[in-house]
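I have placed the structure first, in the form of structure tokens, so that the comments after it can refer back to it.
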Amino acid sequence: MPETFSLVVTRSCNLECTYCPVEKGPVHLAAGQAREAVRTLARRGGGLVRLTGGEPSLRWKTVSSALDEVEAARETGASITVEICTNGAGLGGRRLERLDRPWVRVILSLDGTQAAQEASGRVRIEHLDDLMALPGFSVTQTIAPEQSGRVLDNFLHLWGRGIRRFNFLPVYYVRWPARSVKDLAEGLDAVAGFLAPRLGRGGVDVLNLHRSGAVPLFNDDITLDADGTWYRTNLVLADRVTHPVLESLRAGDASCVPDVPADLRDRLEGLLESGVRRSNRAVDGVLDRFVAILRRGGAGRTRPAVGVRRRPERLEFHISYECPNSCLFCSEAHRLEQWRDRPVSAMEVHRTIVSHARAGGTHVNLTGGEPSAHPAFDYALDLARSHGMRTFVGTNGARLADRAFASRIMPLIDELSLSIHGSGAAVHDRMTGRRGSFDDLLETRRNAARFNESVSLFVNCVVTRRNVDDVGGVLELCNRLGVPTLIISNVAPEGRALDRYERLAVPLGRWRTMAPSLARRAGELGVQVRFFGLPLCVLGDARMKSNDLHWDPRVTVERARGPRGSVRLATIAALKPRRGRRYSRRCRGCLMRDVCGGVFSEYLETHGDEEIEAIRD
């Protein structure tokens, strides 16, 4: 069986990561010692040379000497490969060229997002794209207790960068609070559910599936320490290992190494404080479960729990509190300002969608803000799809206009609503406050045709006094774009629209004459039209086109304040289309009252109810 030699190139490191268990010091392996170790491995039949530390790139002469010796050995027929474990800070330029060999694997240690990196004392990786281009490149996602609640976020960030080979490494030999262990388990379960079906497709790998050792974190490699001493495992690196344990691991040279002591784990744990010992056992159990899920191909599709009361099948999930537009009528403007700095985490996305599936949900509507601005947007769509649910996205097109992004995302969308508020850029861009927003939506429409011909398309047009004269033009545009359904939405008195509602709201009397005309023209064009946020009585002959009659019960999940000022996701069930709407005294006796949502309360406060007329026949 091929052997592995770990060469501790140096005990020095350019970083001071908060969780690092390695004993540091100015001790370095000589280049000649590294070359001789490679020759020894070649004589013994070959195997793997693992270059580690500290940070091996700090002693590049030794690294380069080891690589030269491996290359020479391979030319004589020896089967030797190299693995360099690095934080990446010292790699770039010619060093990267030196590592660009099919027999060299670079394992980069990353925590995830830049915020996660900085939290543990790491630096920005300047040459990540170049590193990723190396054959065999992989990432060790290090997980500190403080980052346990963001395991999924950090993984999805790395996945989004294009990384496909991973090693997952919880921090050992520190105390893990019980809450952090629970978060770690939940996060790794979610990651396993994502990775498991992809492992069999090729191009994705998890190193945890191929490696194990007598003790957590460290390997059973024959190890040459930086001071030139041979050991049976690289546990010699640990800053918590005492002299008696080290002596049992010491070897005279690479040819006479002892077996790994059967009680090594117990002896190591005996050096740890009891709280650290107990929590590390729990963490190791979580990692074992993660590997087991991957090996059996995933946890399986979530099915509705037997005996659980079903809630509305549609989920309206406010996933994002970011938006590049500044729509003058934005109903979410105040919430975006309030929650922009408290974004929905990927784990919250996971919990919400899985919970909806378990409750018998069939549809997931991702909204915001602009839902595509969320880092876990594609994950959310994929997760909903994997649980057999249809996906609906309402978008301003800012990101889906990008062809590369759309090529990944469009196949995951079943229903796509384009927020178009004018028949051309002049009106639309003025409504949204962003130049180019109309062109983005046209390109999004083209991308839908390119990447998902079966997607159900809608246009949503919010009507205010600023664009009311152009609604007919939007209807004609839908016909030209081949969009079969237009939702004409009365401006809702929330957010920025509430701030200027009296100036924006179109009088109901205007709707009384406009709606039937729009409905007739829609029929001529073959476009289905729906009117949202309007009482049926002002729609006249178009009352059967009211969205109230076609409205499905739903649950809305959005960011909110919890007890004692906490921040949470609130779940609000809506069985009827009544948000912000009520009946007036003039609604008494109306035959349609049971199906009509009524009038926006703010409209009644500012304009009165004289335009309301009960339907008697």
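The values are calculated or read from the model by the stated rules, or taken from the named source; none is laboratory data. Here the structure is a predicted model, which means the values were calculated and not measured. Methodologically, a virtual Cβ is constructed for each residue, glycine included, from the backbone with ideal geometry; neighbour enumeration extends over all protein chains shown.
The table below gives the values:
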| item | result |
| --- | --- |
| Matching option when the condition is modelled with pLDDT of 95 or more, touching a strand residue (DSSP E or B) at 6+ places or on another chain (Cβ under 9 Å) and not hydroxyl-bearing (S, T, Y), among V49, V22 | V49 |
| Scan of segment 2-26 for residues that are among the β-branched types (V, I, T) and either closer than 17 Å to T86 by Cα or touching a helix residue (DSSP H, G or I) at 6+ places or on another chain (Cβ under 6 Å) (or both), ordered by number | V8, V9, T10, T18, V22 |
| Residues (over 24 Å from V123 (Cβ atoms) and among the polar types (S, T, N, Q)) located in segment 8-43 | Q33, T40 |
| Only listed residue being touching a Gly at 6+ places or on another chain (Cβ under 7 Å) and closer than 29 Å to R408 by Cβ, chosen from L108, L134, L169 | L108 |
| Test: residue in segment 567-588 that is touching a residue at least 24 places away in the same chain (Cβ under 8 Å), among the aliphatic types (A, V, I, L, M), assigned to a loop (DSSP other than H, G, I, E, B) and farther than 21 Å from S331 by Cβ | no |
| Lone unmet requirement of (1) surrounded by fewer than 20 Cβ atoms within 10 Å (Cβ to Cβ); (2) without any contact (Cβ under 8 Å) to a residue 40 or more places away in the chain; (3) touching a helix residue (DSSP H, G or I) at 6+ places or on another chain (Cβ under 9 Å) for H210 | (3) |
| Residue in segment 535-550 that is of a type in the set (G, A, S), in a loop (DSSP other than H, G, I, E, B) and either assigned by TED's automatic domain parsing to the domain that holds C330 or surrounded by fewer than 17 Cβ atoms within 10 Å (Cβ to Cβ) (or both) present | no |
| Yes/no for R530 being surrounded by fewer than 16 Cβ atoms within 10 Å (Cβ to Cβ), assigned by TED's automatic domain parsing to the domain that holds A380 and outside any loop (DSSP other than H, G, I, E, B) | no |
| Answer from V27, V22, V38 - the residue that is buried (at least 21 other Cβ atoms within 10 Å of the Cβ) and assigned by TED's automatic domain parsing to the domain that holds L152 | V38 |
| Residue in segment 448-461 that is more than 28 Å from R161 (Cα to Cα), of a type outside the set (S, T, N, Q), more than 25 Å from the chain's Cα centre (by Cα) and assigned to a helix (DSSP H, G or I) present | no |
| Flag if R95 is touching a Ser or Thr at 6+ places or on another chain (Cβ under 8 Å) and among the charged types (D, E, K, R) | yes |
| Qualifying positions in segment 213-249 - among the charged types (D, E, K, R) and either under 17 Å from C85 (Cβ atoms) or surrounded by fewer than 17 Cβ atoms within 10 Å (Cβ to Cβ) (or both) | D220, D221, D225, D227, D239, R240, E247 |
| Unique match (being surrounded by 17 or more Cβ atoms within 10 Å (Cβ to Cβ) and out of contact with any strand residue (DSSP E or B) (no Cβ under 9 Å at 6 or more places or on another chain)) among R450, R465, R434, R446 | R434 |
| Flag if R385 is at pLDDT 95 or above, surrounded by fewer than 24 Cβ atoms within 10 Å (Cβ to Cβ), closer than 21 Å to L416 by Cβ and basic (K, R) | yes |
| Every pair of residues 6+ apart whose Cβ atoms lie under 6 Å, when the first sits in segment 474-487 and is assigned to a loop (DSSP other than H, G, I, E, B) while the second is of a type in the set (V, I, T) | V483/V459 |
| Residues within segment 136-189 that are in a helix (DSSP H, G or I) and of a type in the set (A, V, I, L, M, F, W, C), tallied | 11 |
| Search result, residues across segment 133-157 that are buried (at least 18 other Cβ atoms within 10 Å of the Cβ) and aliphatic (A, V, I, L, M) | L134, V139, I143, A144, V151, L152, L156 |
| Checklist (1) surrounded by fewer than 23 Cβ atoms within 10 Å (Cβ to Cβ); (2) farther than 25 Å from C327 by Cα applied to M410, failing item | (2) |
| Those residues of segment 347-397 which are more than 15 Å from L156 (Cβ to Cβ) and either in a loop (DSSP other than H, G, I, E, B) or not assigned by TED's automatic domain parsing to the domain that holds S454 (or both), in sequence order | A359, G360, G361, T362, G368, G369, E370, H387, G388, M389, N396, G397 |
| Count - residues of segment 398-408 that are within 14 Å of A449 (Cβ to Cβ) and assigned to a helix (DSSP H, G or I) | 3 |
| Sole exception among (1) of a type in the set (D, E, K, R); (2) farther than 23 Å from L604 by Cβ; (3) loosely packed, with under 15 Cβ neighbours inside 10 Å for R503, by number | (2) |
| Candidate set: segment 561-608, residues that are among the acidic types (D, E) and closer than 19 Å to F531 by Cβ; chosen: the one surrounded by the fewest Cβ atoms within 10 Å (Cβ to Cβ) | D594 |
| Residue within segment 517-538 that is more than 20 Å from F458 (Cα to Cα) and in contact with a strand residue (DSSP E or B) (Cβ under 6 Å, 6 or more places away or on another chain) present | yes |
| Which listed residue is of a type in the set (A, V, I, L, M, F, W, C), modelled with pLDDT under 90 and out of contact with any strand residue (DSSP E or B) (no Cβ under 8 Å at 6 or more places or on another chain), from V245, V257 | V245 |
| Verdict on R340 being of a type in the set (K, R), crowded, with 19+ Cβ neighbours inside 10 Å and either closer than 30 Å to N467 by Cβ or modelled with pLDDT under 85 (or both) | no |
| Whichever residue in segment 488-500 is small (G, A, S) and in a helix (DSSP H, G or I) and, among such residues, is surrounded by the most Cβ atoms within 10 Å (Cβ to Cβ) | A497 |
| Residue count for segment 430-447, restricted to those that are more than 27 Å from the chain's Cα centre (by Cα), part of a helix (DSSP H, G or I) and more than 18 Å from I487 (Cα to Cα) | 2 |
